[in-house]
Amino acid sequence: MSSLKLKKGDKVVVITGKDKGKEGKILVVDKKKNRVIVEGINMVSKHTKPSPMNQQGGIIKKESFIHVSNVMYLHNGKPTRIGAKIVKETKNGKEVNVKYRVAKSTGEVID
């Protein structure tokens, strides 16, 4: 099982499916199921009954999960894969390995 390289707040583009080509920000990440919720992508209609919280009831449009393989990270406006780079740094006199996310297309550190 591969590690999930996307995080909440990352800007992504949908590469396949009904919303192909649309861009958005990741709102929720489900690491167990390898799924993400992207802002404005994969909108579904949910029918709700009237309740004390929602007096009106009716049909609500909301985002649904999309598999992580169907989205790609946006770096400088272009979709790119994400890699990892491990660098040895000294903190408090000790050498520590620090892991960074790297854009594969440019080699730049993302965060």
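Read-outs: derived from the displayed coordinates by stated rules, not from any lab. Computed from a prediction, not measured in an experiment: that's the story for all the values here. When we count neighbours, we look across all protein chains shown, and the Cβ atoms used for this are built from the backbone with ideal geometry, even at glycine.
Which of the residues spanning the range 1-51 are small (Gly, Ala, Ser) and either touching a residue at least 24 places away in the same chain (Cβ under 8 Å) or assigned to a loop (DSSP other than H, G, I, E, B) (or both)? Can you show your working first?
Step one: filter the range 1-51 for residues small (Gly, Ala, Ser), giving 2-3, 9, 17, 21, 24, 40, 45, 51.
Answer for the range 1-51, where residues must be small (Gly, Ala, Ser) and either touching a residue at least 24 places away in the same chain (Cβ under 8 Å) or assigned to a loop (DSSP other than H, G, I, E, B) (or both): Ser2, Ser3, Gly9, Gly17, Gly21, Gly40, Ser51.
Return yes when His67 is farther than 22 Å from Lys31 by Cβ and within 27 Å of the chain's Cα centre (by Cα) and no when it is not.
So His67 fails the test.
Name every residue in the range 52-80 that is surrounded by 11 or more Cβ atoms within 10 Å (Cβ to Cβ), among the hydrophobic types (A, V, I, L, M, F, W, C) and not in a strand (DSSP E or B), in order of residue number.
The answer is Phe65, Val68.
Only residues that are under 27 Å from Asp19 (Cα atoms) and among the β-branched types (Val, Ile, Thr): list them for the range 49-106, please.
Initial filter on the range 49-106 (under 27 Å from Asp19 (Cα atoms)): 58-83, 101-106.
Matches in the range 49-106: Ile59, Ile60, Ile66, Val68, Val71, Thr80, Ile82, Val102, Thr106.
Quick one: is Arg101 under 24 Å from Asp30 (Cβ atoms) and without any contact (Cβ under 8 Å) to a residue 60 or more places away in the chain? It would help to see each step written out before you state the result.
Numbers: under 24 Å from Asp30 (Cβ atoms): yes; without any contact (Cβ under 8 Å) to a residue 60 or more places away in the chain: no.
Criteria not met by Arg101.
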